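Note sheet for the following structure.
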Amino acid sequence: MSNGITRLSATIAGSEISFETGRVAKQAGGAVVVRQGDTMVLATATVGDLRDADFLPLTVDVEERMYAAGKIPGSFFKREGRSGEKGTLTARMIDRPIRPLFPKGWRYDTQIVAIPLSVDHVHPYDILAMNAASAAIMISDIPLPQPVGAVRIGKVDGNFVVNPREEDLLSGTDLDLIVAGTEDALLMVEAGAREIPEAEILDALDIAHSEIKKLCQLQRELAAKVGKEKLQVVVLKADSELLESIRSSHGAALDSATQVEDKLARQDATKAVEEAVLEQYGGDPEAEDAKEKRAAAQLAFDALEKSIIRERIAVHKKRPDGRAENEIRPITIEAGVLPRAHGSALFTRGQTQALSVVALGTLKEEMRLDTLGLETKKYYWHHYNFPPFSVGETGRLGGPKRRDIGHGALAERALVPMIPTIDEFPYTVRVVSDILESNGSSSMASVCGSSLALMDAGVPIARPVAGIAMGLIKEGDDYIVLTDIAGVEDHLGDMDFKVAGTDRGITALQMDIKISGVTFDILRDALTQAHAARTAILAQMAAIIEAPRESLSEYAPRIEKVQIDPSQIGLLIGKGGETIRGLCEEYDSQIDVNDDGQVLIYSANGEMADALVERIRQMMKEVEVGDEYLGKVVKTTAFGAFIELSKGTDGLLHISNVSPGKRVDTVEEALNKGDEVAVRVVEVDRERGRIGVRRADDPEIAGKTVEELTALAAASNGGDRPRRPREGGREGGRNGGSRGSGRPRR
């Protein structure tokens, strides 16, 4: 400790992570700067006023500052706007593990703010932000019982790596697993994977927990040195006598109401019992203590409802809708439901329904990322929308909420390993999942719907992906792992474990645990059940659409690829872009060409795309004897007509052949400049830069082989033909090109 500054550090996987407080943001309730390498994150935790609320008033914000990576924001105002997707997802990862640790009854406004101050593009800032936020809480006056540590596990070259480098995450890792927990238990898991087996996931979680313990111990040491005295909070508990009275008078009715299978009918039945309880035990509305009595009755009713449902599930193994513990709700699937969309699917599981739709675009329609990370663009992404009518409610419609962004990112992560590269499929792909009805696990429904919609669109994904949400109810030593949890099981349960993957392995995970008694045996059971459920869902999906459709929607843009020699790029572009612009206008298409000679053609329909591909191939092709062209007369002379075979390459049609079977005195008697004529190449003299052609309808060359054409040309020449005069830089070909080679001169 020096000048009020306290700094502690720990070594995680050979790299130092330091925690420092006392230098900056000293008026915040708690402020800690966590550093690894040159990446630094400041996190603060501050308590505000006491609120009269029946929820935990906790807000977590991650504010990305572009200066941290030496960047200037790309917006019009050149100033950071609202948090981007990375900041939002990091805020959610901070929030999810700490929220369950707050004492029941905490009603103080609480705000956690994390600001990346410096980013070295080696150590990702999200892990540091999670640890910094927990450390800031630990040294503040917020009474969290224990610290939360976080690490990332990657799999590089077949080996698990703790906190891998950012560049490995972009290109070289088969696993991106973020784990948060206390010294005693795991609380949160977020992962993307390339079909990793369940057993390896458990091994990675075990490795992560051993490192998390070190970070938690460091935070405890920091709190012991500089921590503030904690605020006292009265933990709200239901009055035991009142609880038993309500159980005696309304327990049977509540038990019956909570077993109604239909979600809305169950809610109505439960609400009727709740109103009866509040009327009987809430006291006289005009009395001074009416508010306190009603609150006590509400607390007791909520506790009774929770205990009845949890005991029924955990002890008696009976779920609210009557399903077995490993039973999936009925599934119906429709593909191609929207006629003008490029791909669509309607996935319904029980009372959860997702409409997933695919839109294909050109590579110029990619998503550009203005973030602190190394990734600057995306060609595939998934958006998730959760309108209020999906749960029978009204509400404000506007931009996506944090939950929507998180669920969309989860579904996107699940499909990323299966999406083809832009070399394999040169399209930008956007998927949107609109949740039309919800009773739990809508994010996993969007995974299934998206996989189906991509196949319906003809996107060549490697394999279909399905997702399932697992739950847990634990009462004492009794517990039950639930497959395909419904809303009430999620709300009152102890775990929400979402697993997505193919028939070969896991591609995405998201787990939130609300209790500390979840063992690795329970997690193993959950993963095993999830694998069985995923396999069953994939079978039902395959019955509707087994693989990507062979052709794209007629309404999707057509993208074709042509590879040309890089030395021919100038020929394709033309002087001042004249050639490429002309092709775009003629074929109503868009052409992109890169420095490697890869040409991408975007057309409104397949016919135009095919015609343009053929035109470019003809332009780039070496002219050979026997080739046929529909050329344009570009110049007439006393001895013949010059025919443009392709941009920069002309052939000579001798006057004796301009009108087969008929002698003419001048070329203009048969052909004029600008006329189109079908010709066949009969002579190519590369050394002398000469190409000779005959009309394609000339009966003298009909059916002749290349050898016969060559012999015929030699006999017809009887020596040298006159060469085209030097005129306007066009000797031997247009634009100073060589007629013999078919390539422009450089």
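If you go through the stretch 587-600 one residue at a time, do you hit one that is loosely packed, with under 15 Cβ neighbours inside 10 Å, touching a residue at least 60 places away in the same chain (Cβ under 8 Å), of a type outside the set (Lys, Arg) and not assigned by TED's automatic domain parsing to the domain that holds residue 342?
Checking the stretch 587-600: not a single residue is loosely packed, with under 15 Cβ neighbours inside 10 Å, touching a residue at least 60 places away in the same chain (Cβ under 8 Å), of a type outside the set (Lys, Arg) and not assigned by TED's automatic domain parsing to the domain that holds residue 342.
Six or more apart or on different chains, Cβ under 9 Å: which pairs go from a residue in the stretch 129-142 that's touching a residue at least 40 places away in the same chain (Cβ under 8 Å) to one that's of a type in the set (Ser, Thr, Tyr) and in a helix (DSSP H, G or I)? Could you list them?
Taking only residues 6 or more apart or on different chains, the pairs are 129/90; 130/90.
Can you say whether residue 344 is closer than 21 Å to residue 463 by Cβ, in contact with a strand residue (DSSP E or B) (Cβ under 8 Å, 6 or more places away or on another chain) and of a type outside the set (A, V, I, L, M, F, W, C), as far as the supplied structure shows?
So residue 344 passes the test.
Among the strands (runs of 3 or more DSSP E) contained in the stretch 453-519, which hold 1 or more residues that are of a type in the set (Ser, Thr, Tyr)?
Per the criteria, 478-483, 506-513.
If you scan the stretch 219-243, which residues turn out to be assigned to a loop (DSSP other than H, G, I, E, B), over 43 Å from the mean Cα position of the chain (by Cα) and buried (at least 16 other Cβ atoms within 10 Å of the Cβ)?
238, the sole residue that qualifies.
In the stretch 510-533, what count of residues is obtained for those that are among the acidic types (Asp, Glu), more than 25 Å from residue 94 (Cβ to Cβ) and in contact with a strand residue (DSSP E or B) (Cβ under 8 Å, 6 or more places away or on another chain)?
Within the stretch 510-533, residues that are among the acidic types (Asp, Glu), more than 25 Å from residue 94 (Cβ to Cβ) and in contact with a strand residue (DSSP E or B) (Cβ under 8 Å, 6 or more places away or on another chain) number 1.
Taking the stretch 316-327 as the search range and keeping residues that are within 13 Å of residue 471 (Cβ to Cβ) and not acidic (Asp, Glu), which one is nearest to the chain's Cα centre (by Cα)?
It comes out as 326.
Tally the residues that are in contact with a Gly (Cβ under 9 Å, 6 or more places away or on another chain), free of Cβ contacts under 8 Å to residues at least 24 places away in the same chain and among the acidic types (Asp, Glu), restricting the search to the stretch 255-291.
1
Among the polar types (S, T, N, Q) and under 23 Å from the mean Cα position of the chain (by Cα): is that true of residue 163 in this structure?
yes
Quick one: which of 108, 67 is free of Cβ contacts under 8 Å to residues at least 12 places away in the same chain and of a type in the set (Ser, Thr, Tyr)? Talk me through it step by step, then tell me what you get.
Working: 108 fails: free of Cβ contacts under 8 Å to residues at least 12 places away in the same chain.
Sole residue among the options that is free of Cβ contacts under 8 Å to residues at least 12 places away in the same chain and of a type in the set (Ser, Thr, Tyr): 67.
Taking the conditions exactly as written (crowded, with 21+ Cβ neighbours inside 10 Å and under 18 Å from residue 372 (Cα atoms)), does residue 173 satisfy them or not?
Criteria not met by residue 173.
Condition check: acidic (Asp, Glu), part of a helix (DSSP H, G or I), modelled with pLDDT of 95 or more and out of contact with any Pro (no Cβ under 6 Å at 6 or more places or on another chain). Does residue 141 satisfy that?
Spelling it out, it is not the case that residue 141 is acidic (Asp, Glu), part of a helix (DSSP H, G or I), modelled with pLDDT of 95 or more and out of contact with any Pro (no Cβ under 6 Å at 6 or more places or on another chain).
Considering only the stretch 261-293, state which residues are farther than 19 Å from residue 488 by Cα and not in a helix (DSSP H, G or I).
Result: 282, 283, 284, 285, 286, 287, 288, 289.
Within the stretch 561-573, which residues are crowded, with 19+ Cβ neighbours inside 10 Å and part of a helix (DSSP H, G or I)?
568, 571, 572
Restricting to the stretch 326-341, what's the tally of residues that are over 30 Å from residue 472 (Cβ atoms) and in contact with a strand residue (DSSP E or B) (Cβ under 9 Å, 6 or more places away or on another chain)? Explain how you work it out, then say what you get.
Filtering the stretch 326-341 down to residues over 30 Å from residue 472 (Cβ atoms) leaves 334-341.
This time we only want the ones that are in contact with a strand residue (DSSP E or B) (Cβ under 9 Å, 6 or more places away or on another chain), so: 334-338, 341.
The qualifying residues number 6.
The values are calculated or read from the model by the stated rules, or taken from the named source; none is laboratory data. All figures in this text were calculated on a predicted structure; none of them were measured in a lab. Neighbour counts are summed over all protein chains in view; Cβ atoms, including those assigned to glycine, are modelled from backbone coordinates with ideal geometry.
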